[in-house]
Amino acid sequence: MSEGAPAAPRPRPARRSERGPRAGSPRPGRVGTGAWPYLLPAVLVYVGFAVYPAVSTLQFSFLDWDGVAPPAWAGVDNFLRVVTEPLLGRAILNALLLIVFFTVLPIALGLVMTALIAGRARRGAAFYRVVFFLPQVLPLVAVGTTWRWMYSEDGMVNRFLGAVGLGDHARAWLGDENTALAALGLIGTWCMSGLCMVLFISGAQKVDAALHEAAAIDGAGPARRFLSVTLPGLRKEIGIAGVITTIAALAGFDLVFVTTDGGPAGATNVPALLVYRLAFNEGDIGAASALAVVLTVLVAVFVGAIRLLTREDA
C-alpha cells in the first residue's frame with residue numbers, strides 16, 4: 001500500500017438486532033421453556049373449564065344416560081333424534097331464522113346509522129351513540145322482562161297501535177304462535193343494532209379522509225362515497241359484528257327463557273333452551289349432549305363462513 005493511500009475502513013461490528021439468534025434462544029413465534037411456569041395456570045384453567053367439558057360432552061353424546069344410573073352405549077342414536085324428532089329439528093330451524101333478526105337486520109341498521117352519524121359534526125351525536133349502545137350494557141334478563149311487558153295485551157306496543165288507529169291488529173305478541181318468534185327476534189335486533197353501529201363508526205373513522213376527498217372531487221355524493229369508500233373499509237368490522245351476533249342468535253338462552261320459555265307450543269324453542277331442559281328437567285344427558293354438539297358445529301360453520309367472506313384478501 002502506498003503512503004498516500006487511505007487506510008481501509010474497519011468492518012463495523014454488527015448490531016444486536018442484525019446478529020443471528022443466540023445459541024439456546026427460542027425461535028420467533030415459539031414459547032421459551034422459561035415462560036411455561038407463567039402460562040401453566042392459565043393453560044390448566046382453560047383445559048379444566050373449556051377443553052375437558054367439551055370432550056366430556058362429545059363422549060356423553062354417544063351414551064344413553066340419565067346422569068345417575070350407569071350409562072349405556074347408544075352410538076349415533078342421539079344424533080339421529082336431533083335430526084328426526086320434530087321438537088329438536090324445529091329448535092334448530094328457529095335458531096337459523098333468528099340469524100335474520102340478530103345478524104342481518106342489526107348489521108343493515110348499523111350501516112344505515114353509521115352512514116347518518118359518522119363523519120359529520122352533528123349536535124348530540126355522542127348522545128345518540130350512547131343511547132343506541134345502551135342495550136349492550138343492560139342485562140338480558142332485565143331486557144326480556146321489559147319487552148315481555150311491552151308485548152303484553154295492555155303493553156306499550158298495543159297501546160301505540162290503538163293510538164294510531166291500528167287497534168284491530170293488537171294481540172299478545174309473545175303468546176301468538178304466528179308472531180312469537182318474530183317478536184322475540186325484534187328484541188334481538190334492538191339489542192344488537194347499537195353494538196354494530198359502534199363497531200362500524202369506529203371502523204369508519206380509520207378510513208383515509210383523502211379517499212373521501214378524491215371521491216368528492218370526482219362528483220360522488222354522500223351515499224356514493226359511503227358505498228364506494230366507507231363500506232369496503234368496514235369489511236373487518238362487519239366480520240366481527242357478524243361473528244358476535246351469529247353466536248348470540250344460535251346460542252342464545254337467557255332472552256328466550258325470560259320472555260317465552262320456548263312457547264307458545266314450542267314456537268320459540270331454541271337449541272340452548274332444549275339442552276337445558278333435556279339435561280336438567282328430563283335427565284336425558286345423551287340427547288342434550290348430542291344437541292349441544294350439533295349446535296357447536298353450526299356455530300363453527302357459520303363463524304368460519306363469515307370470516308372467510310369478510311377477510312381482507314377476499
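Descriptive notes on the structure:
- Distance between the 7 Å Cα→Cβ label points at LEU166 and ASP254: 3.1 nm.
- With each label modelled as a point 7 angstrom along the Cα→C-beta vector, the ALA182-LEU58 pair spans 4.1 nm.
- Over the chain, dividing the summed -39,500 (n - 2.57) contributions of all DSSP H runs of at least 4 residues by the number of residues returns a 222 nm mean residue ellipticity of -17500 deg cm²/dmol.
- Surface composition of region 87-309: carbon and sulfur make up 67 percent of the accessible area, probe 1.4 Å.
- Distance from region 281-299 to region 65-114 (C-alpha centre basis), Å: 9 Å
- Taking a ≥ b ≥ c as the square roots of the eigenvalues of the Cα gyration tensor, region 49-96 is classed as oblate, since a/c reaches at least 1.5 and a/b does not exceed b/c.
- With Cα atoms defining each centre, region 157-203 and region 226-267 are spaced 15 Å apart in the structure.
- Cα-based helix-to-principal-axis angle, 86-99 vs the chain, degrees rounded to 10: 50 degrees
- Heavy-atom accessible area, probed at 1.4 angstrom with all protein chains present, ranks LYS236, LYS206 as LYS206, LYS236, highest first.
- Highest-first packing order for the peptide set 126-133, 41-48 is 126-133, 41-48, based on the mean count of other beta carbon atoms within 10 Å.
- Virtual spin-label span in nm between ARG224 and ALA69, 7 Å along Cα→Cβ: 7.3 nm
- Full-extension gain in nm, LYS236 to THR84, via 0.36 nm per residue minus C-alpha separation: 50.9 nm
- In this structure, ASP154 and LEU44 have a Cβ-Cβ separation that, at R0 = 51 Å, corresponds to a calculated FRET efficiency of about 0.45.
- Between LEU63 and ALA74, the built amide H atoms are under 5 Å apart, and every one of these is 5 or more places off in sequence or on another chain.
- Bins of 20 Å, starting at 0 and running to the largest distance - Cα pair percent for the chain: 23, 43, 25, 6, 3, 0
- Per-peptide average of other Cβ atoms within 10 Å, ordering 151-159, 287-295 highest first: 287-295, 151-159
- Net lengthening on full extension, ARG129/GLU213 (0.36 nm per residue, minus Cα-Cα): 27.7 nm
- Residue-normalised accessible area of the chain, given per residue in Å² at a 1.4 Å probe: 62 Å²
- Formal net charge of residues neighbouring VAL270 (Cβ-Cβ distance under 12 Å; K, R +1; D, E -1): 0
- Backbone phi angles across region 246-253, fed through the Karplus curve with coefficients 6.51, -1.76 and 1.60 (θ = phi - 60°), yield HN-Hα couplings of 5, 4, 5, 6, 7, 10, x, 9 Hz in residue order; Gly and Pro are listed as x.
- For peptides 207-213, 254-260, sequence by mean Cβ density within 10 Å, most packed first: 254-260, 207-213
The values are calculated or read from the model by the stated rules, or taken from the named source; none is laboratory data. Keep in mind that this is a model prediction, so the values were computed, not measured. Every residue, glycine as well, gets a Cβ built from its backbone with ideal geometry; the counts of neighbours run over all protein chains shown. We work out accessible area using only protein heavy atoms, side chains counted, and drop any ligands, DNA or RNA first. Shrake-Rupley method; radii C 1.70, N 1.55, O 1.52, S 1.80 Å.
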